[in-house]
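Below is one structure, written out as structure tokens; comments come after it.
The values are calculated or read from the model by the stated rules, or taken from the named source; none is laboratory data. Source: prediction; values computed, not measured. Neighbour counts run over all protein chains shown; Cβ positions are idealised from the backbone, glycine included.
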Amino acid sequence: MDHFKKIFLAGVGALSLSKDRAKIVVRELIAQGKIREKEGRKLVNDMMKRAESTRKDVEHTINEQVAVAVKKINLVTQDQLKKTERRIHDLERELARKNKTASTARKTVKKTTTVQKKSSENS
């Protein structure tokens with residue numbers, strides 16, 4: 001998954017670079033008198049909105065593809081792992097409680113047996 005993250009971050013970097021480049025191109029167009037400053041700002045804003053929309057679409061597509069790949073290779077998700085860890089912890093706690101109860105019961109039985117033996121011997 002790190003590979004996909006690196007690709008995504010590279011795309012974000014390219015978007016950043018594109019914005020800087022777009023501003024430079026627009027400034028040149030303004031300086032040449034081909035467009036007015038107001039049109040230039042609108043052009044840069046429109047380009048950035050489209051780029052952001054595209055970035056979100058690409059991110060969504062990558063997330064979907066990663067989820068499909070993870071499912072295909074049968075990897076456990078973080079949520080599934082945490083759920084399993086909680087279940088193990090709960091079972092360990094329950095087992096410890098039952099062992100303590102069983103130990104107490106054995107001590108009680110042993111104590112009762114000892115008292116009964118002593119009573120039988122004294123009779």
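Observations on the model:
- The range 31-64: number of residues that are closer than 18 Å to S18 by Cβ and surrounded by 11 or more Cβ atoms within 10 Å (Cβ to Cβ): 15
- Against the criterion of being assigned to a helix (DSSP H, G or I), at pLDDT 80 or above, in the same structural domain as K23 (by TED's automatic domain parsing) and more than 17 Å from the chain's Cα centre (by Cα), D46 qualifies.
- Qualifying positions in the range 65-98 - among the hydroxyl-bearing types (S, T, Y) and either loosely packed, with under 10 Cβ neighbours inside 10 Å or in a helix (DSSP H, G or I) (or both): T84
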